[in-house]
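Below is one structure, written out as structure tokens; comments come after it.
Read-outs: derived from the displayed coordinates by stated rules, not from any lab. Please read all numbers here as calculations on a predicted model, not as lab measurements.
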Amino acid sequence: MRTIHSQFGRHASVARLGLLAALTLIIAAPLWAQQETGSITVGGSAHVHGPVVVHGRLTVAGRVHSRGPLTAAFFSGPATARGLPYAGGYLKVFKGPLTVHGSMVVQGDLLVDGPLTVDGPLEANGGIDADGPMQERDYAR
């Protein structure tokens with residue numbers, strides 16, 4: 001009789017450890033998921049909660065501000081952002097890291113809570129600013 005209870009107790013302990021591990025993974029998982037997209041146009045301003053990587057050209061009709069380091073092939077302005085910023089104050093919020101495979105056009109302002117990395121040029125009509133270092137990779141343009 002004692003062997004049955006000790007085996008049951010052992011299985012219950014293993015089950016409790018498994019449940020505890022699963023709960024730890026759920027709690028420790030990031031609250032925001034990685035977002036990946038192809039070329040994108042935002043018809044107003046954009047605020048990204050997390051780092052942004054653009055594998056192409058970034059064109060912004062307004063201002064660009066990164067709350068972290070900012071790296072691009074080169075910085076340029078004024079930009080041709082296919083129209084003026086939307087006067088109604090449209091704001092698109094992206095939660096989590098954002099990766100754009102292609103070009104990104106923002107017809108308003110762009111605020112990034114984290115580093116901003118652009119493989120191509122970063123063009124903006126407003127200012128380009130960062131809380132961290134700003135670096136251009138293509139010095140021979």
Using the Karplus curve 6.51 cos²θ - 1.76 cosθ + 1.60 with θ = phi - 60°, work out ³J(HN,Hα) for each residue of the stretch 67-77 in order, rounded to whole Hz, and write x for Gly and Pro.
8, x, x, 10, 10, 8, 4, 6, 9, 8, x
Hull shadow area, averaged, the stretch 35-136 [alpha-carbon convex hull, nm²]:
5.1
Can you work out the Karplus-derived ³J(HN,Hα) for every residue in the stretch 55-61? Use 6.51 cos²θ - 1.76 cosθ + 1.60 with θ = phi - 60°, whole Hz, and x for glycine or proline.
8, x, 8, 10, 10, 10, 6
Amide H of VAL48 versus every other amide H placed in the peptide plane: which residues, excluding those fewer than 5 positions away on the same chain, fall under 5 Å?
PHE94, LEU111, VAL112, ASP113
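Subtracting the Cα-Cα distance from 0.36 nm times the residue separation, let me have the gained length for VAL53 to GLU36 in nm, one decimal.
Roughly 5.2 nm would be gained on extension.
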Amide H neighbours of GLY68 at under 5 Å, excluding residues fewer than 5 places away on the same chain, with H built from the backbone geometry, are GLY114, ASP131, GLY132
Amide H neighbours of GLY102 under 5 Å, at least 5 residues apart or on other chains, H built in the peptide plane: list them.
HIS55, GLY56
